[in-house]
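Following: one structure in structure tokens, then a few remarks.
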Amino acid sequence: MIESLIIIWSLVLILGIIALRRSKATLGLAVRASADQGRMLLLRIPLAVLATTFLVELLPPELMRDSIGAESGIAGIMIASVAGALLPGGPFLSFPIAVALFKAGVGAPQMMALLTAWSVYAVHRTLNFELPMMGGRFILLRLASSIMIPPLVGIAAMLALRWISIE
Amino acid sequence: MAKNEKAPLFDRTTIAFVLAALLGAGLTLWLKGTAGVERALINAGDFMLQVVPQISGGLLVAGLVQVLVPREIVARWLGEKSGMRGLWIAQFAGALTPGGPFGSFPLVYALGKAGADIGVLITYLTAWTTIGVMRLIVWEIPFLGAKFSLLRFVICLPAGIFAGWLARRWAKQWGWSTTESIVK
């Protein structure tokens, strides 16, 4: 947690200096863009965290552990990939859900498959943006080229975690 | 989630979240009693204290990158390149592109219509979704921690190139010889 803070705020510092060297206005523009984004999240993140915390209280932990827990192996990775594809909404919802599921006992490889599926397949994004804009052929080609990625990521993580620890 | 007009603070999504939180609180109270609600509230509060300093930093990084790397630069990177070199450039561009689908799809559409290589476009989108650095910094590291996020990032590094390479092969096999015939 401390290392995350250090990484993020060092980046803020470096990029801030680069922007400032360009001009004061550049820095101001960037801060305004960040604030516009943050405004929208001001209510959404606390509410999403609250809702998903209650979700953890209510979810039966045995169910989570058996289906996509740390011991669920490749079957769990496949289930997680499908679940991730169906996860609705933007990051302000899916990341609190991910944390809630983690606390309920989901395994790290399964979680990686889930998050990757959420971002690669993104049913909501595909239907709302990609289909109307890019057309069916493009989507077919993109899915045919990336449908195997989330399960492969989960399996690679499972193998990697035999050698390294992320605790 | 690129720059947009000022969104109202209380839109439909936010109201849905309020309802979900209230429903969750009600069910928890009913099934687990006040102790359950109390536990959940303390957990949520703890978690917010952890996440807020990181998310605020992440948002600043995203804002800075958005201003420092305009989309025209990305478009120029992707426009003319092909071959493996084109895929590598697309990979970097995708990883560094900030923001959500509102910004990226118009760019990809415009490049596709202009005849950019299909492998380049698929690599760009896949890299953007799997190793997008902005999502990593704003969301994944604050919520899931640096070690988890960096391991997933490293594992996903080959994904973009792989998908673009595969897309070229599929397009050839299916007889879609030009990008214009694929993009609607």
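What follows draws every value from the coordinates through simple rules; no lab data is involved. A quick note: this is a predicted structure, and the numbers were derived from the prediction, not measured. Note that each Cβ is placed from the backbone with ideal geometry, even for glycine, and that neighbours are counted across all protein chains shown.
Things to note:
- Placing R0 at 25 angstrom, the Cβ-Cβ distance between B:GLN173 and B:MET84 gives a FRET efficiency of 0.85 after rounding to 0.05.
- Pairwise centroid distance, computed over Cα atoms, of the range A:104-167 with the range B:59-75, Å: 25 Å
- In nm, spacing of pseudo-spin labels at B:VAL69 and A:SER23 (7 Å Cα→C-beta vector): 2.2 nm
- 26 Å Cα cut-off, lysine pairs counted over the range B:55-184 (separation 8 or more, or different chains): 6
- Efficiency of FRET from Cβ geometry, A:ALA35 and B:GLN50, R₀ 25 Å, rounded to 0.05: 0.70
- Electrostatic dipole magnitude of the protein assembly as shown [Cβ: Lys, Arg +1; Asp, Glu -1; Cα centre; debye, to 20]: 1000 debye
- Alpha-carbon centroid distance for the pair the range B:77-98 / the range B:122-184, whole angstrom: 11 Å
- Given R0 = 30 Å, the distance between the Cβ atoms of A:ILE147 and B:ASP11 translates into a calculated FRET efficiency of 0.35.
- Sequence ranges A:160-167, B:122-129, B:52-59, B:24-31, ranked by mean other-Cβ count within 10 angstrom, highest first: B:122-129, B:52-59, B:24-31, A:160-167
- Shape class for the range A:1-145: oblate, because the ratio a/c of the largest to smallest gyration tensor axis (alpha-carbon atoms, square roots of eigenvalues) is 1.5 or more and b/c is at least a/b.
- Short-range pairs are left out: with C-alpha atoms under 8 Å and at least six residues apart, the relative contact order of the range A:59-163 is 34 percent.
- Our summary gives chain B a relative contact order of 24 percent, counting only alpha carbon pairs under 8 angstrom and 6 or more residues apart.
- Sorted by Cβ density within 10 Å, fewest first, the residues B:LEU166, A:LEU47: B:LEU166, A:LEU47
- Share of alpha-carbon pairs per 10 Å distance bin for the protein assembly as shown, given as whole %: 6, 24, 33, 26, 10, 2, 0
- Sum of -39500 (n - 2.57) over DSSP H runs of 4+, divided by residues of chain A (222 nm, nearest 500): -26000 deg cm²/dmol
- Positive end of the dipole of chain B (Cβ unit charges, origin at the Cα centre): among B:VAL154, B:TRP170, B:PHE17, the Cα lying farthest that way belongs to B:TRP170.
- Along the axis of the charge dipole computed for the range A:15-118 (Cβ charges of +1 for Lys and Arg, -1 for Asp and Glu, origin at the Cα centre), the listed residues A:SER67, A:ILE79, A:VAL49 are led at the positive end by A:VAL49.
- Residue order, fewest to most surrounding Cβ atoms within 10 angstrom, among B:LEU78, A:LEU20: A:LEU20, B:LEU78
- Counts of other chain beta carbons within 10 angstrom of each beta carbon in peptide B:172-178 average 1.
- Expressed as a fraction of 2.2 N^0.38 Å, the C-alpha radius of gyration for chain B is 1.31.
- Assigned charges on the beta-carbon of Lys, Arg, Asp, Glu; the range A:1-151 dipole about Cα centre (debye): 820 debye
- As a rough footprinting exposure proxy, the listed residues B:VAL120, A:VAL12, B:VAL69 were ranked by other beta carbons within 10 Å of their own, and the order from fewest upward is B:VAL69, A:VAL12, B:VAL120.
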